[in-house]
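The values are calculated or read from the model by the stated rules, or taken from the named source; none is laboratory data. Everything numeric here is computed off the predicted structure, so don't read it as measured data. Cβ sites come from the backbone with ideal geometry, for glycine too, and all protein chains shown count toward neighbours. These area figures cover heavy atoms from the full protein model, side chains too; ligands, DNA and RNA do not enter into them. Shrake-Rupley method; radii C 1.70, N 1.55, O 1.52, S 1.80 Å.
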Amino acid sequence: MSTTARTVLFHEIGGPEVLGIEDVAVPAPGRGEVAVRVEALGLNRAEALFRSGTYYYQPALPASRLGYEASGVVEAVGEGVTELAVGDLVMTGPGIEMSAQGVYAERVVLPETAVVTRPASVDAVTGAAAWLTYTTAYGALLETAGLEPGDHVLITGASSGVGTAAIQVARRIGAIPLVTTRTEAKRQGLLDAGAAEVIVSGENAAGEGEGGAEAVAKEARRLTGGRGVEVIFDAIGGPGFRPLAEALAEGGSVVAYGWLDRRPAEIPWNWPFTIHTYANMNLTTTPGGRRRSTAFLNAGLADGGFRPVVAEVFDGLDRIRDAHRLMESNRHTGKIVVRL
């Protein structure tokens, strides 16, 4: 195994321009650790927030690493590793602290608990686009909200990687995904991903906004014959949170998993209903949660039921700034992947 690896680091918070590539020492895996040769990286909105200093925890500067999600091959294992072996195809994600363990690199050493198996039929690009999105949708919709067959779910910001995965997770169990997007240009892509209906909310830099949310709620009620949706899966928050909840059926649930609009959100008034907040690490860092979410993901990947929507593939670690620029442009639908 190489003793150094080209690794993305940043020494100050800022835009994509702060990302650089440096040679970093790669130690032999210690007890409970595995060394992974990275084949592809999957980008997530969390990484842009982390790089810019607006994530829920701050980077340790200088020389912070970056990245949650990669696919690759196990090159070495440390003492006590029992679930993985040299040559295994894997994906990363559970429990990673990005400053110290970020996976934007040619090779990484991680705890065994941060690495899960990848089905042999799944290529590296697909694997890099799958773990975080589908496990988030699984944990939020099924384990937290209790989405059931025949339920309608309203998915906001649906052109994201998590949004497109949520469409497929809902479809897999027989639920009906209604989705929102800001632009008409993304309608067909979301229908192709499996959305039952697409509601175009209109342009707004932060999200739907209050007026847009009222229109979305009205249309969601119309599409459900006046009943409303059983679950709202919301990535936006902000002032639109209260009027959006008017789309809920009586006794329904809202799962808030993001804050694209960081302005204050009011509690909706159409009681009774339940508000959940969801953080994927709370599920996937527990042994049971990691086992269930990985089994659900790998079953869908292996039988073709889950087909990650990949917006663009950039070749080479040197394209990481370009990949981040595309992510921040919001022009894409699905995941952005960097292939090494």
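Quick notes on this one:
- Test: residue in region 169-186 that is more than 25 Å from residue 132 (Cβ to Cβ) and not aliphatic (A, V, I, L, M): yes
- Of the residues in region 73-87, none is crowded, with 16+ Cβ neighbours inside 10 Å and either of a type in the set (S, T, N, Q) or in a helix (DSSP H, G or I) (or both).
- Per-region count, region 26-39, residues of a type in the set (A, V, I, L, M) and within 14 Å of residue 115 (Cα to Cα): 4
- Region 1-39: number of residues that are of a type in the set (Lys, Arg) and touching a residue at least 60 places away in the same chain (Cβ under 8 Å): 2
- Helices (runs of 4 or more DSSP H) contained in region 97-139 and holding at least 1 residues under 23 Å from residue 155 (Cα atoms) and open to solvent by 10 Å² or more (accessible area, probe 1.4 Å): 124-128, 131-137
- Against the list (1) β-branched (Val, Ile, Thr); (2) modelled with pLDDT of 95 or more; (3) surrounded by fewer than 16 Cβ atoms within 10 Å (Cβ to Cβ), the condition residue 255 fails is (3).
- Beta carbons closer than 6 Å, at least 6 apart along the sequence or on distinct chains, pair a first residue in region 40-66 that is free of Cβ contacts under 8 Å to residues at least 60 places away in the same chain and open to solvent by less than 10 Å² (accessible area, probe 1.4 Å) with a second that is part of a helix (DSSP H, G or I) and not charged (D, E, K, R) for 50/98; 64/99; 66/98.
- Top-ranked residue in region 258-290 [being aliphatic (A, V, I, L, M) and more than 28 Å from residue 111 (Cβ to Cβ); ranked as most open to solvent (accessible area, probe 1.4 Å)]: 267
- The one condition in (1) open to solvent by 20 Å² or more (accessible area, probe 1.4 Å); (2) at pLDDT 95 or above; (3) of a type in the set (A, V, I, L, M, F, W, C) that residue 297 fails to fulfil: (1)
- When restricted to residues that are among the aromatic types (Phe, Trp, Tyr) and touching a strand residue (DSSP E or B) at 6+ places or on another chain (Cβ under 6 Å), region 272-298 contains 2.
- Residues that are free of Cβ contacts under 8 Å to residues at least 40 places away in the same chain and under 20 Å from residue 238 (Cα atoms), drawn from region 159-181: 179, 180, 181
- When residue 64 is tested against (1) modelled with pLDDT of 95 or more; (2) closer than 28 Å to residue 309 by Cα; (3) of a type in the set (Ser, Thr, Tyr), just one condition goes unmet, and that condition is (2).
- Residue match in region 286-301 (condition: in a helix (DSSP H, G or I), among the basic types (Lys, Arg), under 16 Å from residue 43 (Cα atoms) and touching a helix residue (DSSP H, G or I) at 6+ places or on another chain (Cβ under 8 Å)): no
- Residue list for region 248-271, restricted to those being in contact with a strand residue (DSSP E or B) (Cβ under 6 Å, 6 or more places away or on another chain) and in a loop (DSSP other than H, G, I, E, B): none
- Test: residue 251 is without any contact (Cβ under 8 Å) to a residue 60 or more places away in the chain and either closer than 21 Å to residue 42 by Cα or over 20 Å from the mean Cα position of the chain (by Cα) (or both): yes
- Residue in region 193-218 that is modelled with the lowest pLDDT, counting only those that are on the phi > 0 side of the Ramachandran plot and crowded, with 17+ Cβ neighbours inside 10 Å: 207
- Tally of residues being over 26 Å from residue 303 (Cβ atoms), touching a Ser or Thr at 6+ places or on another chain (Cβ under 6 Å) and small (Gly, Ala, Ser) across region 102-126: 1
- Single residue of region 61-72 satisfying the filter (touching a Leu at 6+ places or on another chain (Cβ under 7 Å) and part of a strand (DSSP E or B)) that is farthest from residue 34 (Cα to Cα): 64
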